[in-house]
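Notes for the one structure printed next.
The values are calculated or read from the model by the stated rules, or taken from the named source; none is laboratory data. The shown structure was predicted, so the numbers you read here are calculated from the model rather than taken from an experiment. Here Cβ is always computed from backbone atoms with ideal geometry, including for glycine, and neighbour counts include all displayed protein chains. Heads up: the accessible areas ignore ligands, DNA and RNA and are worked out on the full protein's heavy atoms, side chains in. Shrake-Rupley method; radii C 1.70, N 1.55, O 1.52, S 1.80 Å.
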Amino acid sequence: MLHAKKISLLVLLLVIFSHIWANPIKNAKKVYNTQRLSGQMPFVDGHFDEACWQNVQWESGFVQYEPLEGRSPSQETKFAVVYNDDYIFVAIKAFDLNTDSITRRMTRRDEIDGDIVGIQFDSYHDLRTAFTFLVSAAGVKQDYLISNNGETEDLNWDPIWWVKTQITSEGWVAEMKIPLSQLRFEEKENYVWGFQVARSLFRKNEMSIWQPIARNASGWVHNIGELHGISNIKPQKTLDFTPYTLAKSESYMPEEGNPYATGKDFGFNAGLDGKIGLTNNLTLDFTINPDFGQVEADPSQVNLTAYETFFEEKRPFFIEGRNILSFPIMFGDGDLAEQNLFYSRRVGRKPHHYPDLGDNEYADMPNYAKILAAAKITGKTSNGWSIGLLESLAAEEDAEISDLSGKRIEIVEPTTNYTVARIQKDINNGNTIIGGLLTSTNRRLENTPMNYLHKSAYTAGIDFAQYFKEKTWQIKFRTMFSNVQGDSTAILETQLSPARYFQRPDATHVEVDSTLTSLSGYASTLEIGKIGGGKINFLFAIAAKSPGFEINDIGFLPETDDIMEVFWMGYRIYEPFSIFRSMNININQWTGFNFEAINTYNGGNINLNAEFKNYWNFSMGSNFNAAHISNGQLRGGESMNMPGSINFWSFVGTNNQKKIRLTNNLSFNKGFENSSKRIYMNLGIMYRPTNTLQIQLTPGYNAYKQELQYVDALDFGTGKRYVFASIDQKVYSLSIRINYNITPELSVQYWGQPFVAAGKYIDFKYITNPKAENFTDRFALYSAEQFVYNAEDEQYDVDEDIDGNVDYNVYYPDFNFKEFLSNLVIRWEYAPGSTVYFVWSQTRDQYVSNGDFNFYQDNIDLFNRVPHNVFMVKFSYRIAL
C-alpha cells in the first residue's frame, strides 16, 4: 500500500510538472501591409465611400480569444489601414447578422461598454509598449497606453484623435483618424510596428482578435502581429497649451464670532496645463497652479489603527503616465501593492501642522498645500531607454489666526520640492530589463514650528527582470535604499513612529538614539515564477524591509522590520466546460520574520473564481492566519502575542448584459480564542433603463467586535499602563452613482455617499503579560470600583488600588460619526481636449461622543445638518500649435 501511494504521488508530480514545463503555444506572426494615400485623405464620417477604401487591402481572418480560443468567431470582422505624412486612418467593419442585437451603450470616455472594436500599435516596436484606441458602437472612445508587455495599462493617457461609428444593414462600422503626433517612433526609412485589431461582441461576451494569442501566453505586446508598409514618415512633436479659469462659490453654516466662517465664500482661479514634445519619443507635461475641483472626494472611512490610510490617486496630472514612475516595494496585489517608493498623494497634501489656538482665537486654515507648478517628462528613447522625471513645487502654507486683539500668521506647511526620476532599459528583445529610480523631498523648515519634519529625504532603487522560455518564466529583483535627514527631533519622531517603534523594550536589534540627525535603511525583493504557457503558474517571492527604511515623505510604507516569504500557485481553465465558461483556483502561503529572526506571522489562502455560461460570476475563498506577534499592538510597548483568525468570503454577480445587474459581497472573520468577530456585506444594484442612463446603488454594512481595542497608554508608577477595551463597532454606507451620458462628449455624473460609523467601548482592561500563553492571561479587567465614569469631565477616573485617589484618567472613546459626501459633475468636451465643467459638491457631517448606532435616527440627524455647498464652473481651452 505504501509503495502504491508513492507511485500515485510520483504520477501526480509528473502531471503537475508536465503542465509547468509545457511549451507555450506560439502562433506565427501575421503581417498586414498598409498603403500610403496617394490622393485626398478620407473624411471621418463612418462611410467608406472614398476611393482609398475601395482600393485598399481589407483583412479578415479573426479568431476567438475568449471563450473558445482559436475558434472561428460568431461574426465576421474586416479592417483596412492607410496613412499619409500626418495621420493613420483605420476602417473597421463589424459584420453582424442580427443588427437589432448590437449593443450601443452610451458612456463617458474611457468607460466604454457594449459592442467594441479597437486597434493597437507598438510603434516603438520594443515588444513591450502598445498605444490602444477603442470605440464602442455608440461612438464612445477609450484609449490607453500598455507598458511592461501588458502588465500595466495607463487609462488616463488621452491622445487627440477622431472616430465615427455607424449602424449599417450589415452590422456596424468605425472609422478612425489618428495623428502620428500621438504615437512615438524614431525616424527611419521603413517601419515595422507591432499591430493588433480586436472586437468584443457584447451579447456573447466574446472577444475576437486578428493576431491569434493564447490566453495562457505570458505577456501581450510581444505576441501581437506586425504592420508593414509605412515608410518615410517623420516623427512629429506635440505642442499643446490648455489654459483654464474657474469661479467658485461656497455656502455653509456661519460660526458666531469666527471671522473666517461667515457662511459664504467666493473665489476665482486660473492656471495653465501644457504638453510639449521635446522629441517625438519624449514629452514634457506641465501644470501651473493646477486645480482639481472636479475630482471626486475620497470615500468616508474610520481608522482606529495607528497606521495611515491609503487613498487612490484621482488627479489627472498625476495619474497619466504614472506607470513609468512606479517602483513597488512588495509584490502581488491588495494591500501589498500599495507600498511604493512614489505615492503621488504626498504632493499637495494636507498641512502637517495645526496651530495651538487659545480662547477666542480662530484660524483660517488651508485644506491642502497648493501646488505652484509641476512638470514631468515621460517617454522612451530609440535605443530602448524608458524615462520618467517628475518635478513638483508645493507652496508654503500659512494659517491666519485672529482673536479680539488682532491677527497673526503661523506657517502650517513648509515650501516643499518633490523629485522623482526613473529609467529602464530593454535588452535582448525585452527579455532583460534593468532600471533605477531616485526620489528626493526637500523642505524649507527655517522659521517654522515644524522641526519634527525631515528637512530632506532621499530614496534610490535598482530593479532587474529576466524572462525565459518565450517570457513564460521570470526572475525579478529590486533593491532600495533610503536616507532621511533633519533635526534630532525629526529623526527621533521617525524612530518612534508606528512604522518602526524602536522604543519597544523587548526589541534587542533596534534602539532609540535621540542624538541622530539622519537615518538610513534598505529593502529588497526577489520574485521567481512561471507566468504563462500552461494551466499551472506559480510565484515564489521574498521581501525584506530593514527597521531603518523610511520613504513616507514621498512614498507609502506602513511598517518596516519585516522579512516576508510568499508562495502562490494558480490553476486556470480557459475553455468552457460543464456549466462554466472559465475557472481559476489559487492557493497562497506566507510567513514572516523580523530582523531579530523571530517568526512573527504565518498564513495561507485558497480561492476560486468562476464565470458561468449564463454570464454570472462567482468567487469564494478562505484565509487562515495563525497566531502572530504584533510589534504595534501596544503602540511602542512590548510586542504582543495575538490570536490567529480564519476568514471566509464570497462574491456573486449576475449577467452584466441585462438591464439590471445584482452583486453581493459577503465576508466573515472569526478570531481564535473569541478574540474578534467581523461580518461584512454589501449589495450592488445596477440598473440601466436606457443605453444612456445608468443608476447604481451599493449599500454596505460592517459589524465588528474585538476584545482588544487600543484606547491609551498612560504613565503609571515607573512604567506605562496600556489601556484597552472591547469594542462593538457598526458601519453603514450607501454609495449612489448616476451616470447620464447624452453624447460621448456631454455627460452628467453624480456620486453620493451617506456614511455612519459608531463604536461603543465596554469591558475596559489593562495589559498585564503581553506574551502569556493564553489570550485571557494577557490582560486584566478593571472592576466597577476601579473604573468610574466622570460625566462632568467626560472621562473615566481610574483608581487601581481603590484608595480614594485617582491614579490616572482615560478619555471617553465612544463615538458616532456621520458624513454625507456628494459630487455632481456636468462635463462637456466642446472640442477635442477643451472642456467645460459644472460642479456641485456637498458635505454634511456630525460627530458625537456616543457609541449608539440607530440607522433611522442617525440618517435623520445627518440630513438635518446644514450642508456645506460648493459650486464651481471651470472652463479650459486647448490650443494646439
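Being touching a helix residue (DSSP H, G or I) at 6+ places or on another chain (Cβ under 8 Å), within 30 Å of ASP359 (Cβ to Cβ) and modelled with pLDDT of 95 or more is the requirement here; does LEU453 meet it?
Spelling it out, LEU453 is indeed touching a helix residue (DSSP H, G or I) at 6+ places or on another chain (Cβ under 8 Å), within 30 Å of ASP359 (Cβ to Cβ) and modelled with pLDDT of 95 or more.
So which of ASN602, ASN609, ASN584 ends up being at pLDDT 95 or above, part of a strand (DSSP E or B) and either among the hydrophobic types (A, V, I, L, M, F, W, C) or in contact with a Gly (Cβ under 7 Å, 6 or more places away or on another chain) (or both)?
Residue meeting the stated conditions: ASN584.
For the range 649-707, enumerate the residues that are open to solvent by less than 50 Å² (accessible area, probe 1.4 Å), touching a Pro at 6+ places or on another chain (Cβ under 7 Å) and part of a loop (DSSP other than H, G, I, E, B).
Answer for the range 649-707, where residues must be open to solvent by less than 50 Å² (accessible area, probe 1.4 Å), touching a Pro at 6+ places or on another chain (Cβ under 7 Å) and part of a loop (DSSP other than H, G, I, E, B): just SER675.
Sort out which residues of the range 169-190 are at pLDDT 95 or above and surrounded by 16 or more Cβ atoms within 10 Å (Cβ to Cβ), and write them in order of number.
Hits for the range 169-190 are GLY171, TRP172, VAL173, ALA174, GLU175, MET176, LYS177, ILE178.
Being at pLDDT below 90, open to solvent by less than 50 Å² (accessible area, probe 1.4 Å) and hydroxyl-bearing (Ser, Thr, Tyr), is that true of even one residue in the range 292-302?
Yes, there is a match, as at least one residue in the range 292-302 is at pLDDT below 90, open to solvent by less than 50 Å² (accessible area, probe 1.4 Å) and hydroxyl-bearing (Ser, Thr, Tyr).
Taking the range 528-543, which residues are open to solvent by 10 Å² or more (accessible area, probe 1.4 Å) and in a strand (DSSP E or B)?
ILE528, ILE536, ASN537, PHE538, LEU539, PHE540, ILE542
Among what's in the range 469-480 and is crowded, with 18+ Cβ neighbours inside 10 Å and under 24 Å from the mean Cα position of the chain (by Cα), pick the residue that is nearest to THR515 (Cα to Cα).
MET480
Residue under question is GLY358, and the condition is that it be touching a Phe, Trp or Tyr at 6+ places or on another chain (Cβ under 6 Å) and assigned to a loop (DSSP other than H, G, I, E, B); does it hold?
Against the criterion (touching a Phe, Trp or Tyr at 6+ places or on another chain (Cβ under 6 Å) and assigned to a loop (DSSP other than H, G, I, E, B)), GLY358 does not qualify.
Residues in the range 256-287 that are in a loop (DSSP other than H, G, I, E, B) and either touching a residue at least 24 places away in the same chain (Cβ under 8 Å) or among the β-branched types (Val, Ile, Thr) (or both): how many?
10
Can you confirm whether ILE802 is more than 27 Å from the chain's Cα centre (by Cα), open to solvent by 20 Å² or more (accessible area, probe 1.4 Å) and within 30 Å of ILE112 (Cα to Cα)?
no
Go through the range 452-464 and give me each residue that's surrounded by fewer than 17 Cβ atoms within 10 Å (Cβ to Cβ) and in a loop (DSSP other than H, G, I, E, B).
Listed by number, the list holds a single entry, TYR452.
Quick check on the range 95-133: of everything there that is free of Cβ contacts under 8 Å to residues at least 40 places away in the same chain and touching a strand residue (DSSP E or B) at 6+ places or on another chain (Cβ under 6 Å), which residue is least open to solvent (accessible area, probe 1.4 Å)?
Only one residue tops the list, namely THR132.
Take the residues of the range 229-246 that are open to solvent by 50 Å² or more (accessible area, probe 1.4 Å) and either more than 34 Å from the chain's Cα centre (by Cα) or of a type in the set (A, V, I, L, M) (or both): which is farthest from GLU829 (Cα to Cα)?
ASN232
Give the residues of the range 777-830 that are of a type in the set (A, V, I, L, M, F, W, C) and in contact with a helix residue (DSSP H, G or I) (Cβ under 8 Å, 6 or more places away or on another chain), sorted by residue number.
Result: PHE820, single match.
Kindly list the number of the only condition in (1) open to solvent by less than 20 Å² (accessible area, probe 1.4 Å); (2) within 29 Å of the chain's Cα centre (by Cα); (3) among the aliphatic types (A, V, I, L, M) that fails for LEU145.
(1)
Can you tell me which of ARG203, ARG199 is open to solvent by 30 Å² or more (accessible area, probe 1.4 Å) and either in contact (Cβ under 8 Å) with a residue 40 or more places away in the chain or not acidic (Asp, Glu) (or both)?
ARG203
Any chance you could count how many residues in the range 805-821 are closer than 30 Å to PRO744 by Cβ and either open to solvent by 60 Å² or more (accessible area, probe 1.4 Å) or at pLDDT below 95 (or both)?
Residues meeting the conditions: 0.
Give the residues of the range 181-209 that are over 29 Å from THR103 (Cα atoms) and hydroxyl-bearing (Ser, Thr, Tyr), sorted by residue number.
Correct list: SER181, TYR191.
Look through PHE764, PHE787 and report the one residue that is closer than 25 Å to LEU708 by Cα and in contact (Cβ under 8 Å) with a residue 40 or more places away in the chain.
It is PHE764.
Do we find that GLU296 is free of Cβ contacts under 8 Å to residues at least 24 places away in the same chain and within 29 Å of VAL756 (Cα to Cα) in this structure?
It is false that GLU296 is free of Cβ contacts under 8 Å to residues at least 24 places away in the same chain and within 29 Å of VAL756 (Cα to Cα).
Restricting the search to the range 374-429, which residues are farther than 30 Å from ASN281 by Cβ and either modelled with pLDDT under 90 or among the basic types (Lys, Arg) (or both)?
ASP403, LEU404, SER405, GLY406, LYS407, ARG408 - these are the residues of the range 374-429 that are farther than 30 Å from ASN281 by Cβ and either modelled with pLDDT under 90 or among the basic types (Lys, Arg) (or both).
Go through the range 481-491 and report how many residues are in a strand (DSSP E or B) and open to solvent by 20 Å² or more (accessible area, probe 1.4 Å).
3
Taking ASN451, is it of a type in the set (S, T, N, Q) and in contact with a Ser or Thr (Cβ under 7 Å, 6 or more places away or on another chain)?
Judged against the criteria, ASN451 is a match.
Is it the case that the range 499-508 has a residue that's open to solvent by less than 50 Å² (accessible area, probe 1.4 Å) and at positive phi?
Yes; the residues of the range 499-508 include at least one that is open to solvent by less than 50 Å² (accessible area, probe 1.4 Å) and at positive phi.
Identify, from the list ASN383, ASN340, ASN360, the residue that is in contact (Cβ under 8 Å) with a residue 40 or more places away in the chain and within 25 Å of ASP426 (Cβ to Cβ).
ASN340
Hey, ILE324 hits all of (1) assigned to a loop (DSSP other than H, G, I, E, B); (2) buried (at least 19 other Cβ atoms within 10 Å of the Cβ) but one; which does it fall short on?
(1)
Return the residues of the range 36-91 that are in contact (Cβ under 8 Å) with a residue 24 or more places away in the chain, open to solvent by 20 Å² or more (accessible area, probe 1.4 Å), within 28 Å of PRO159 (Cα to Cα) and not in a loop (DSSP other than H, G, I, E, B); say none if nothing qualifies.
Across the range 36-91, the qualifying residues are ARG36, CYS52, GLU59, TYR65, TYR87.
Against the condition touching a residue at least 12 places away in the same chain (Cβ under 8 Å), part of a strand (DSSP E or B) and open to solvent by 20 Å² or more (accessible area, probe 1.4 Å), how does ASP728 come out, does it pass?
The answer is yes for ASP728.
Among the residues of the range 708-719, write down those that are without any contact (Cβ under 8 Å) to a residue 24 or more places away in the chain and open to solvent by less than 40 Å² (accessible area, probe 1.4 Å).
Hit for the range 708-719 is GLY719, nothing else.
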